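Below is one structure. I have some questions about it.
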């Protein structure tokens, strides 16, 4: 039988959750819920979901859900997750897991107390490029990691960015890290895969690149972030840019044997090896080696396109399938609790460092 899935929070990204569940053969969305009844009704109509609610308790009592997807703003995640788990649901939660590490720990504690499965939507790591990178690392191609560079491009002129800058009551304005707080997981969790330290040294700074609007709330939203994390053996550099074009998402991992470059937008994974042919000839041949690597990526992407696997959220689809399988088979969730909590802790430290940096800058003015 298919798992019965409910969704609480019917904002824009909830559409993506429903779309990915609907293409799977092991689950179905049977109910949606939002505090604003119109939002729930519109989503139910768009996706032919049979039941809609404005009260989560009632939905849980009436629908006998196996899984609840939480797609609400992060401050609400701990309470909603606890209610769902107590009602017998496993939980798939949108990033960030919670507002801070303490709240994230409460969600994990609830999952362990009630014996429920918990997963967070770190879907980029399950996208075909992410899985290809993982295989290369497991095969020893990288060697020992030395340094990681994680880049996340963001377009403020898109639907979400426009809504944020056009609404002073948007929930992102109330996050400690504002815009960065909402997307920082995508940068930090990729670095954390290669840097095991729970308490690295961190330096960070941010700024607003766009011109001032004159609105204090809007102008408080910084749009460029750079940070460095220095662990015992591995360092990590992170960049979130709202102005660099194209707005790509890349990961570059430097190892003791080779360096691996991943482009999540173009779906390419290229291994950069040491030059084996001496002098000028080796530098000439290196470009041909790169060309062959990109050609292999192009053919691989074409195969995925023909197999209907080349779409924007393939990684989320694969992660959901793995999470639902762990529920049916009673195995460990695809993303360990310890990994979620370490990322939450790193985000806390990073956002705290940013706050300290701003205070220091203001003190110098």
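Keeping to segment 132-147, report how many residues are touching a helix residue (DSSP H, G or I) at 6+ places or on another chain (Cβ under 9 Å) and surrounded by fewer than 15 Cβ atoms within 10 Å (Cβ to Cβ).
Number satisfying all stated conditions: 1.
From 262, 277, which residue is touching a helix residue (DSSP H, G or I) at 6+ places or on another chain (Cβ under 6 Å) and at pLDDT 95 or above?
Answer to the selection: 262.
Which numbered condition trips up residue 135, out of (1) assigned by TED's automatic domain parsing to the domain that holds residue 190; (2) in contact with a strand residue (DSSP E or B) (Cβ under 9 Å, 6 or more places away or on another chain)?
(2)
Keeping to segment 186-219, report how many residues are in a loop (DSSP other than H, G, I, E, B) and surrounded by 14 or more Cβ atoms within 10 Å (Cβ to Cβ).
Of the residues in that region, 7 qualify.
State whether one or more residues within segment 309-326 are in a helix (DSSP H, G or I), modelled with pLDDT of 95 or more and more than 19 Å from the chain's Cα centre (by Cα).
Looking for residues that are in a helix (DSSP H, G or I), modelled with pLDDT of 95 or more and more than 19 Å from the chain's Cα centre (by Cα), one finds at least one in segment 309-326, hence yes.
Still on this structure: Condition check: touching a residue at least 40 places away in the same chain (Cβ under 8 Å) and either more than 18 Å from residue 150 (Cβ to Cβ) or surrounded by 18 or more Cβ atoms within 10 Å (Cβ to Cβ) (or both). Does residue 177 satisfy that?
Considered against the rule, which asks whether it is touching a residue at least 40 places away in the same chain (Cβ under 8 Å) and either more than 18 Å from residue 150 (Cβ to Cβ) or surrounded by 18 or more Cβ atoms within 10 Å (Cβ to Cβ) (or both), residue 177 comes out as yes.
Looking at segment 229-238, is at least one residue in contact with a helix residue (DSSP H, G or I) (Cβ under 7 Å, 6 or more places away or on another chain) and over 27 Å from residue 120 (Cβ atoms)?
no
Looking only at segment 220-232, count every residue that is farther than 19 Å from residue 362 by Cα and either without any contact (Cβ under 8 Å) to a residue 24 or more places away in the chain or exposed (fewer than 13 other Cβ atoms within 10 Å of the Cβ) (or both) and tell me the total.
1
Also, quick follow-up: Applying the selection to segment 228-242, what residues are over 20 Å from the mean Cα position of the chain (by Cα) and in a loop (DSSP other than H, G, I, E, B)?
231, 232, 233, 234
I would also like to ask the following. Scan segment 327-365 residue by residue and report those that are farther than 24 Å from residue 27 by Cα, touching a helix residue (DSSP H, G or I) at 6+ places or on another chain (Cβ under 8 Å) and not in a helix (DSSP H, G or I).
none
Then there's this: Whether any residue in segment 13-21 is touching a strand residue (DSSP E or B) at 6+ places or on another chain (Cβ under 7 Å), in the same structural domain as residue 67 (by TED's automatic domain parsing) and closer than 11 Å to residue 70 by Cα is what I want to check.
The answer is yes; a qualifying residue exists.
Sticking with this structure for a sec: Determine which single condition residue 313 fails, assuming it passes every other condition in (1) within 30 Å of residue 169 (Cβ to Cβ); (2) touching a strand residue (DSSP E or B) at 6+ places or on another chain (Cβ under 6 Å); (3) surrounded by 15 or more Cβ atoms within 10 Å (Cβ to Cβ).
Condition (2) is where residue 313 drops out.
The values are calculated or read from the model by the stated rules, or taken from the named source; none is laboratory data. On a predicted model such as this, the values are computed, not experimentally measured, just so you know. FYI the Cβ positions are ideal-geometry reconstructions off the backbone, even for glycines, and counts take in every protein chain you see.
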